[in-house]
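Student: Handing you this structure, nothing more for now.
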Amino acid sequence: MRILQVITSLLTGGAEHIVVQLAERLTLKPGVHCDICVFDGEETPFCREIEQWNEAHAGGDIQPIRIIRLGKGVYSVRYIWQLARLMRHYDIVHTHNSSPQLFVACAKVLCTLVHGRVPMLCTTEHTTSNRKRSWKWYAPIESWMYSRYSRVVCISKIAEDKLREYMGGKWLEVNAPCYHRISTINNGVDVDRIFTAQPDVDLLRLKGPRRAIVMVAGFREAKDQDTLVRAMTHLDKQCYELWLVGIGTRQPEVEALARQSGVSDRVRFLGLRMDVPNVLRAADIVVMSSHWEGLSLSNVEGMSAGKPFLASRVNGLREVTEGYGIMFSEGNDAEVAKIVTRLCENPPLYEFVAARCHRRAMQYDIGKMVEGYYKVYQ
């Protein structure tokens with residue numbers, strides 16, 4: 001079974017992490033080979049991870065995972081022709097993100113006309129919402145696009161419900177053939193690797209006697225680091241600090257907010273980190289503050305660390321966290337500060353919530369996710 005994963009790039013993010021994990025773990029299965037096609041071929045830490053994985057498995061029966069780079073940038077019509085030539089060498093093509101979804105659907109038509117051999121198509125919906133769903137003129141295009149796919153996999157039940165609602169019609173009718181094309185496979189993480197990771201000693205030394213609150217997420221529209229920065233104004237400056245892990249277009253805006261709020265000396269911007277488990281283990285409380293989500297990998301990773309996990313009460317986070325971690329109203333910085341204080345001043349409550357979060361994370365272990373996709377491919 002030859003599988004091609006297609007994604008815009010291998011920059012750091014949840015979808016990119018899923019692609020790398022799928023490629024590495026599926027290729028270990030007998031008779032399965034997996035490559036990755038990226039539109040933007042920029043060299044990234046995930047690219048280097050694949051290279052290291054290939055080196056570690058060289059010399060055996062396992063074929064190396066190829067990273068096939070189509071060019072630079074996300075949107076280029078020429079990618080359709082490149083994909084049509086490439087796809088005929090695979091049994092299954094699995095897309096992630098919007099432009100690969102559409103371009104691969106178009107390439108399937110070309111592949112049929114020119115080469116006569118058409119692979120099966122599978123796609124993953126990584127979020128509950130996107131801007132295109134508000135464009136009424138685009139809905140017929142997406143309807144045609146999804147009809148090219150044999151299976152559409154959503155990363156959470158909420159994401160599946162939102163997609164069915166958006167598609168409407170036969171996608172909502174239980175007896176309609178297209179209804180069964182959509183299913184849910186929850187995102188997964190390597191829970192044990194995170195739980196057993198050694199805390200980052202440099203961060204432990206930097207925080208000293210303070211308690212550290214950490215959020216791991218890119219600085220983009222869906223994420224709400226601002227609420228955590230504002231929460232720091234309600235917390236004792238001698239007792240708490242905030243770590244923000246990630247990069248993105250909104251970082252300068254959040255940095256400016258920290259300065260304006262007078263908490264920049266207690267907010268550390270840690271940048272892009274490939275040792276997230278070590279960072280999580282060095283922190284005291286893990287938070288995911290978002291405006292919307294699909295199913296956040298950082299959510300599950302945070303719950304894997306053996307620390308209390310807090311999340312804003314929005315779709316995608318509520319599904320995983322509610323009843324296990326502690327939820328707060330979206331954008332409510334005062335509520336975040338109260339929860340943090342209560343946890344840190346009540347050790348039995350702190351340990352109870354941490355243990356409950358870890359048990360919940362085990363339900364989203366990476367092995368379950370990989371087996372779910374393997375069954376879809378079969």
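Student: Evaluate the range 145-153: report whether one residue or more is among the charged types (D, E, K, R) and open to solvent by 50 Å² or more (accessible area, probe 1.4 Å).
Tutor: Checked the range 145-153: at least one residue is among the charged types (D, E, K, R) and open to solvent by 50 Å² or more (accessible area, probe 1.4 Å).
Conditions (1) more than 21 Å from Val376 (Cβ to Cβ); (2) aliphatic (A, V, I, L, M); (3) open to solvent by 60 Å² or more (accessible area, probe 1.4 Å); (4) touching a helix residue (DSSP H, G or I) at 6+ places or on another chain (Cβ under 6 Å), marked per residue:
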{"site": "Leu11", "(1), (2), (3), (4)": "yes, yes, yes, no"}
{"site": "Gln52", "(1), (2), (3), (4)": "yes, no, yes, no"}
{"site": "Ala58", "(1), (2), (3), (4)": "yes, yes, yes, no"}
{"site": "Pro100", "(1), (2), (3), (4)": "no, no, no, no"}
{"site": "Ala105", "(1), (2), (3), (4)": "no, yes, no, yes"}
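Student: Taking the range 236-260, which residues are among the β-branched types (Val, Ile, Thr) and touching an Asp or Glu at 6+ places or on another chain (Cβ under 9 Å)?
Tutor: Scanning the range 236-260 gives Thr249, Val254.
Student: Can you report the number of residues in the range 154-189 which are at pLDDT below 85, touching a Leu at 6+ places or on another chain (Cβ under 8 Å) and open to solvent by 50 Å² or more (accessible area, probe 1.4 Å)?
Tutor: Total satisfying the criteria: 1.
Student: Of the conditions (1) touching a strand residue (DSSP E or B) at 6+ places or on another chain (Cβ under 6 Å); (2) open to solvent by 10 Å² or more (accessible area, probe 1.4 Å), Arg48 fails just one. Which one is it?
Tutor: So the condition that Arg48 fails would be (1).
Student: Quick check on the range 190-218: of everything there that is more than 30 Å from Glu253 (Cα to Cα) and in contact with a strand residue (DSSP E or B) (Cβ under 9 Å, 6 or more places away or on another chain), which residue is most open to solvent (accessible area, probe 1.4 Å)?
Tutor: The extreme case among them is Asp192.
Student: Follow-up question, since we're still on this one. Considering only the range 280-330, state which residues are polar (S, T, N, Q) and in contact with a strand residue (DSSP E or B) (Cβ under 7 Å, 6 or more places away or on another chain).
Tutor: Within the range 280-330, Ser289, Ser290, Ser296, Ser298, Asn299, Ser304, Ser312, Thr321 meet the criteria.
Student: Which condition number does Gly168 fail, the rest of (1) at negative phi; (2) more than 20 Å from the chain's Cα centre (by Cα); (3) free of Cβ contacts under 8 Å to residues at least 24 places away in the same chain being met?
Tutor: (1)
Student: Assuming Trp81 fulfils every condition listed in (1) open to solvent by less than 40 Å² (accessible area, probe 1.4 Å); (2) of a type outside the set (Ser, Thr, Tyr); (3) more than 15 Å from Trp144 (Cβ to Cβ); (4) without any contact (Cβ under 8 Å) to a residue 40 or more places away in the chain apart from one, which condition is it?
Tutor: Among (1) open to solvent by less than 40 Å² (accessible area, probe 1.4 Å); (2) of a type outside the set (Ser, Thr, Tyr); (3) more than 15 Å from Trp144 (Cβ to Cβ); (4) without any contact (Cβ under 8 Å) to a residue 40 or more places away in the chain, Trp81 violates only (1).
Student: Identify the residue in the range 219-274 that is outside any helix (DSSP H, G or I) and among the polar types (S, T, N, Q) and, among all such residues, is surrounded by the most Cβ atoms within 10 Å (Cβ to Cβ).
Tutor: Ser261
Student: Out of the helices (runs of 4 or more DSSP H) lying entirely within the range 275-378, which hold 1 or more residues that are at pLDDT 95 or above, open to solvent by 40 Å² or more (accessible area, probe 1.4 Å) and under 25 Å from Asp161 (Cα atoms)?
Tutor: 366-377
The values are calculated or read from the model by the stated rules, or taken from the named source; none is laboratory data. This structure is a prediction, so every number in the text was calculated from the model and none was measured. Quick reminder, even Gly has a Cβ in these numbers, built from the backbone with ideal geometry, and neighbours come from all protein chains shown. Just the protein is used for accessible areas: all its heavy atoms, side chains included, with ligands, DNA and RNA removed. Shrake-Rupley method; radii C 1.70, N 1.55, O 1.52, S 1.80 Å.
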